[in-house]
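Chemist: Quick one: the structure is below, and I'll ask about it shortly.
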Protein chains: 2
Amino acid sequence: MTQADSATTHPEEYLRQHLQEIVELLHKQKLEEAILQQQKMPRHELVETLLHKQHQAAIKQKLDKLHSADIAYILEALPVEERLAVWNLVQSDLDGQILLDVSDAVRETLISDMDPEELLSATEQLDTDEIADLAPDLPEEVMQELLESLNDQSRRRLESVLAYEEDSVAALMDFSMVTIREDVTLGVVLRYLRRRGELPEHTDKLFVVDENDVLKGVLSLRRLVTHNPDKLVAEVMARDLVYFHLDDYAEDAARAFERYDLLSAPVVDHGHKLQGRVRVDAIVDFIRRKSDQQRLAEAGLLEEEDIFSGVWKSAKNRWFWLAINLVTAFASTRVIGVFEDTIVKIVALASLMPIVAGIGGNTGNQTSMLIVRSLALGLINSGNIKRLIIKELGIAVLNGLVWGSVLGLLAYGLYRNVDLGLVMAGATLLNLLVAAIMGLAIPLARDRLGLDPAVGTSVLLTAMTDGMGFFIFLGLATLFLY
Amino acid sequence: MTQADSATTHPEEYLRQHLQEIVELLHKQKLEEAILQQQKMPRHELVETLLHKQHQAAIKQKLDKLHSADIAYILEALPVEERLAVWNLVQSDLDGQILLDVSDAVRETLISDMDPEELLSATEQLDTDEIADLAPDLPEEVMQELLESLNDQSRRRLESVLAYEEDSVAALMDFSMVTIREDVTLGVVLRYLRRRGELPEHTDKLFVVDENDVLKGVLSLRRLVTHNPDKLVAEVMARDLVYFHLDDYAEDAARAFERYDLLSAPVVDHGHKLQGRVRVDAIVDFIRRKSDQQRLAEAGLLEEEDIFSGVWKSAKNRWFWLAINLVTAFASTRVIGVFEDTIVKIVALASLMPIVAGIGGNTGNQTSMLIVRSLALGLINSGNIKRLIIKELGIAVLNGLVWGSVLGLLAYGLYRNVDLGLVMAGATLLNLLVAAIMGLAIPLARDRLGLDPAVGTSVLLTAMTDGMGFFIFLGLATLFLY
């Protein structure tokens, strides 16, 4: 999995340096082409010049030394035009792997630059599980031809993987594994492996199955090389092992990999027949992707953006959450309109009300984040939920007394009005209670309804704490300040 | 790495079920003790009853079947009192491993329940790198005794690991690896491994070193078992490999593991001497921890909380960011105070101004999140930064025209005032430009200054977009509305 140069150097520096050199070559080429164009040389003659060809060759030489994942990184860091110039210089046998390695957004730009034949030859080199990963981005016609080019077993596998949800173990699975029988000796296994040659990537264990492909155990390479070759597989293999079903949640599998420090695990169907395996690198990608998705959603983005995508494309990625935020902001501020008479009389309220609303949002988000996390870790159950609620309300009261007093004193200090200070303090306390209740209720309700408690909770919560913050503060002011 | 029962069942369901059963046993015990206490039986006699002992035995029996990581999960899901009751029933030879597996907050509650001897015997069973992970939580006296109990090599290793930053490769490293020489045959290696017996966990490759411990290459078990035993290690080993230095950033190492799908990689000093190895499970933990820390910080929490910690303890975890948010909120709303005259005359401004401020915060966060991510991935460099800035400003103008018009029309619709609508539209456009500039400038500046661009960016940004939003909107209103 590593290549000549990534070898003897330090990968991150090395990569940045390569990127730098390629960028410089591209710029030099552009500059020289611009000069030639000024001398009225037409575009098609330009690409025929010796100079142009030398540059292309220099870039190609650099690329040929790189790992597919390194080229993917370089493509992502280049603006679209230069990206496609480099993409056309990549060795075509790496095309498929690079398409897998780049982000979804960048993949789109690369695929749109390829004609169906190129796509077909790039994807034909891939494993079934890798084709499944690319499937959503491939044009219908390419997918069709690809299916026809596969043998029966591969086609069946591909179709069955595509039938499962994206968040299931089946979507993370691959099929490249080595199976053995339990009634042979380790010596026989070793001879078989030597005859077989190269093992699939990341083979840390062999799967022991019976004649019906039912999983009996696993034999790790660690055990294979440390035990006497005369022993039987059945004596040395592990029978107690973590395995998954095709329809298990990928998230649960990721937790199990973390908990038991797994490198790979078998996947079986409900008849306990071996279907494939999940490797830790698929799990690492899954964890990274999942955490990226949540953070992007929290920041109000639908999906990962190609940083060089057009303005129009990026805007669409951002409008969904902006629209929702605007609707909720509009709704919560309509509360203020109801109290306009009060504000005209005591205009100080206008500058104090955003603070009451804001601190509610902040504390509510703290509570909801802990609840979301605890739900994800499976730490919340009917036995402890009451304690949790009592604890969060307790913190809200404590926070309300402390920060309510601080804000009350500040309001008094600014406007020399005791009643205004008291209203500020009381409203802060009450809004922190509202925030705690909402911070508990929203994620718990979303979880109960089978929705992802992480996404959207913050928007809903802020809308509630804003609206209630304005209402409580201005309401108390209307009641007590005149 | 797996145990009898986690074996033949589906890990997540299995775990929840075990937790449920243990909770039920604890509750039954409590109930019966309460009944006996009502009959005036004193506490110390209570724990001597047959019933009590039966319950303890039943819980212990359940625990004995579990993997240390499973017990860690159960301890985290239990309130402190019940957690300590279970903790005292755990087999003491698992204590050290469980301390490693629980979260920082829960570890604290467990350690505070142990006396120095217990702690010493729990930690003495651990590897040097594991002791280093626990070191910050151990009392000074235990740490001292522990250091004295180690042999020279282990003590030197421990001290050197502790000398490196927490975010360096050295902090993720472990020392359990197998080294071989390049001038022997694979057959000799196999015989050596069989004589040696059990290999360290997660051994996927052997490290080839010379007599000075200088790293020459690696021999994967995959190659060892597929090549002819007569071949020399030097012929079969990989010489081109990804390795790290002790002081490399852990984050860079994590990216390299993801990029090249590594399972383990050697760590060398600057003389290229082998120092240890990094395993993928340490990388998985690091990725999860890092992403958790960022999400907690974004929600305004200093660190992970034990969900059953006391109110007081939790409050302290939440006050730092609350205080900062309050200060910034207070500062940005002081802008409103300056325009109180305008608000008294046109009270509609009071309910519209939070919307202008809010949409600025939302769009600014979208921009800054993409910049933070691109910085983390190393995608931003001097060659493309200008394009990025132009793109984000372009989106801000587009968004400003679209959403400014929407908000302008809404304001007009509500108050039937054309000028008010125009001010609303203009202020929205301008504040979205401010938001884009700040969303670019804050993370880029923090990165340039060597600060983590992810943490604190959102608070600073919101303060700016709030303050500027109020200022622009109320300022335009003051200029144009009378």
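Yes/no matrix, rows are residues, columns are (1) more than 9 Å from chain A (Cβ to nearest Cβ); (2) without any contact (Cβ under 8 Å) to a residue 60 or more places away in the chain:
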residue: B:258; (1), (2): no, yes
residue: B:272; (1), (2): yes, yes
residue: B:277; (1), (2): yes, no
residue: B:281; (1), (2): no, no
residue: B:296; (1), (2): no, yes
residue: B:301; (1), (2): no, yes
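Chemist: Could we say that residue B:91 is surrounded by fewer than 17 Cβ atoms within 10 Å (Cβ to Cβ), touching a residue at least 24 places away in the same chain (Cβ under 8 Å) and under 15 Å from residue B:27 (Cα atoms) here? Steps first, answer last, please.
Modeler: Numbers: surrounded by fewer than 17 Cβ atoms within 10 Å (Cβ to Cβ): yes; touching a residue at least 24 places away in the same chain (Cβ under 8 Å): yes; under 15 Å from residue B:27 (Cα atoms): no.
Here the answer is no, as residue B:91 does not meet what is asked.
Chemist: Just to check your reading of the model, which residue among A:137, A:95, A:127 is under 25 Å from residue A:159 (Cα atoms) and within 14 Å of chain B (Cβ to nearest Cβ)?
Modeler: Among A:137, A:95, A:127, only A:127 is under 25 Å from residue A:159 (Cα atoms) and within 14 Å of chain B (Cβ to nearest Cβ).
A quick yes/no check of all residues on (1) assigned to a helix (DSSP H, G or I); (2) at pLDDT below 95:
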site: B:408; (1), (2): yes, no
site: B:437; (1), (2): yes, no
site: B:446; (1), (2): yes, yes
site: B:463; (1), (2): yes, yes
site: B:482; (1), (2): no, yes
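Chemist: Does residue B:389 fit the bill of being surrounded by fewer than 22 Cβ atoms within 10 Å (Cβ to Cβ) and touching a helix residue (DSSP H, G or I) at 6+ places or on another chain (Cβ under 7 Å)?
Modeler: Yes, satisfied.
Chemist: Quick check on region B:33-45. Is at least one of its residues closer than 27 Å to residue B:99 by Cα and modelled with pLDDT of 70 or more?
Modeler: No, region B:33-45 has no match at all.
Chemist: Within region A:176-187, work out how many residues are within 38 Å of the chain's Cα centre (by Cα), outside any strand (DSSP E or B) and surrounded by fewer than 18 Cβ atoms within 10 Å (Cβ to Cβ).
Modeler: Going through region A:176-187 one residue at a time, the tally reaches 2.
Chemist: On to the next question. Collect the residues in region B:405-426 that are away from chain A (no Cβ under 14 Å), of a type in the set (A, V, I, L, M, F, W, C) and buried (at least 19 other Cβ atoms within 10 Å of the Cβ), keeping them in residue-number order.
Modeler: Correct list: B:423 only.
Chemist: Then there's this: Looking at (1) touching a Leu at 6+ places or on another chain (Cβ under 6 Å); (2) in the same structural domain as residue A:209 (by TED's automatic domain parsing), which is the only condition residue A:170 fails?
Modeler: Only one criterion in (1) touching a Leu at 6+ places or on another chain (Cβ under 6 Å); (2) in the same structural domain as residue A:209 (by TED's automatic domain parsing) is unmet by residue A:170, namely (2).
Chemist: Exactly one condition in (1) under 18 Å from residue B:25 (Cα atoms); (2) among the hydrophobic types (A, V, I, L, M, F, W, C); (3) touching a Pro at 6+ places or on another chain (Cβ under 9 Å) is not met by residue B:111; state its number.
Modeler: Result: residue B:111 passes all but (1).
Chemist: Would a scan of region A:139-156 turn up a residue that is among the basic types (Lys, Arg) and either at pLDDT 95 or above or surrounded by 21 or more Cβ atoms within 10 Å (Cβ to Cβ) (or both)?
Modeler: No - not one qualifying residue is present in region A:139-156.
Chemist: If residue B:312 satisfies every condition in (1) in a helix (DSSP H, G or I); (2) more than 8 Å from chain A (Cβ to nearest Cβ) but one, which is the exception?
Modeler: Only one criterion in (1) in a helix (DSSP H, G or I); (2) more than 8 Å from chain A (Cβ to nearest Cβ) is unmet by residue B:312, namely (2).
Chemist: Additional query: Restricting the first residue to region B:345-366 and requiring it to be more than 7 Å from chain A (Cβ to nearest Cβ), which pairs with a second residue that is not in a helix (DSSP H, G or I) meet a Cβ separation below 7 Å and a spacing of at least six or different chains?
Modeler: B:345/B:482; B:346/B:481
Chemist: While we're here: Here are B:232, B:172, B:190: which of them is of a type outside the set (Gly, Ala, Ser) and crowded, with 22+ Cβ neighbours inside 10 Å? Walk me through how you get there before you give the answer.
Modeler: Values: B:232 fails: crowded, with 22+ Cβ neighbours inside 10 Å; B:190 fails: crowded, with 22+ Cβ neighbours inside 10 Å.
On inspection, the qualifying residue turns out to be B:172.
Chemist: Among the listed residues B:307, B:287, which satisfies the condition of being within 30 Å of residue B:82 (Cα to Cα), of a type in the set (Val, Ile, Thr) and at the interface with chain A (Cβ under 10 Å from one of its Cβ atoms)? If you could, list the steps in order and put the result at the bottom.
Modeler: On the way: B:287 fails: within 30 Å of residue B:82 (Cα to Cα).
Being within 30 Å of residue B:82 (Cα to Cα), of a type in the set (Val, Ile, Thr) and at the interface with chain A (Cβ under 10 Å from one of its Cβ atoms) holds for just one of B:307, B:287, which is B:307.
Chemist: Which residues, taken from region A:436-482, are within 28 Å of residue A:348 (Cα to Cα) and of a type in the set (D, E, K, R)?
Modeler: Across region A:436-482, the qualifying residue is only A:466.
Chemist: Hey, any hits in region B:408-428 for a residue that's without any contact (Cβ under 8 Å) to a residue 40 or more places away in the chain and more than 19 Å from residue A:333 (Cβ to Cβ)? Step through it out loud before you land on a result.
Modeler: Taking region B:408-428 as the starting set, the residues that turn out to be without any contact (Cβ under 8 Å) to a residue 40 or more places away in the chain are B:408-410, B:412-413, B:416, B:418, B:421, B:425.
Still in the running and more than 19 Å from residue A:333 (Cβ to Cβ): B:418.
Checked against the condition, which is being without any contact (Cβ under 8 Å) to a residue 40 or more places away in the chain and more than 19 Å from residue A:333 (Cβ to Cβ), region B:408-428 yields at least one hit.
Chemist: Among the residues of region B:224-238, write down those that are within 11 Å of chain A (Cβ to nearest Cβ), within 14 Å of residue B:182 (Cα to Cα) and either outside any loop (DSSP other than H, G, I, E, B) or touching a Pro at 6+ places or on another chain (Cβ under 6 Å) (or both).
Modeler: B:224, B:238, listed by residue number.
Chemist: Under 9 Å between Cβ atoms, which residue pairs at least 6 apart in sequence (or on different chains) link something in region A:5-26 that is under 30 Å from residue B:274 (Cβ atoms) and of a type in the set (A, V, I, L, M) with a partner that is crowded, with 18+ Cβ neighbours inside 10 Å and modelled with pLDDT under 65?
Modeler: So the pair list comes out as A:15/A:6.
Chemist: Please find, among A:29, A:37, A:61, the residue that is part of a helix (DSSP H, G or I), of a type outside the set (Gly, Ala, Ser) and buried (at least 18 other Cβ atoms within 10 Å of the Cβ).
Modeler: Result of the check over A:29, A:37, A:61: A:29.
Yes/no per residue for (1) of a type in the set (A, V, I, L, M); (2) part of a helix (DSSP H, G or I); (3) more than 14 Å from every other protein chain (Cβ to nearest Cβ); (4) at positive phi:
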position	(1), (2), (3), (4)
A:119	yes, yes, yes, no
A:131	yes, yes, yes, no
A:142	yes, yes, yes, no
A:145	no, yes, yes, no
A:171	yes, yes, yes, no
A:195	no, yes, no, no
A:206	yes, no, no, no
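Chemist: Could you tell me whether region B:369-388 includes any residue that is closer than 30 Å to residue A:333 by Cα and either facing another protein chain (nearest Cβ under 7 Å) or out of contact with any Asp or Glu (no Cβ under 9 Å at 6 or more places or on another chain) (or both)?
Modeler: yes
The values are calculated or read from the model by the stated rules, or taken from the named source; none is laboratory data. For clarity, every value in this text was computed on a predicted model and none was experimentally measured. In this analysis, Cβ positions are derived from the backbone assuming ideal geometry, glycine residues included, and neighbour counts consider all displayed protein chains.
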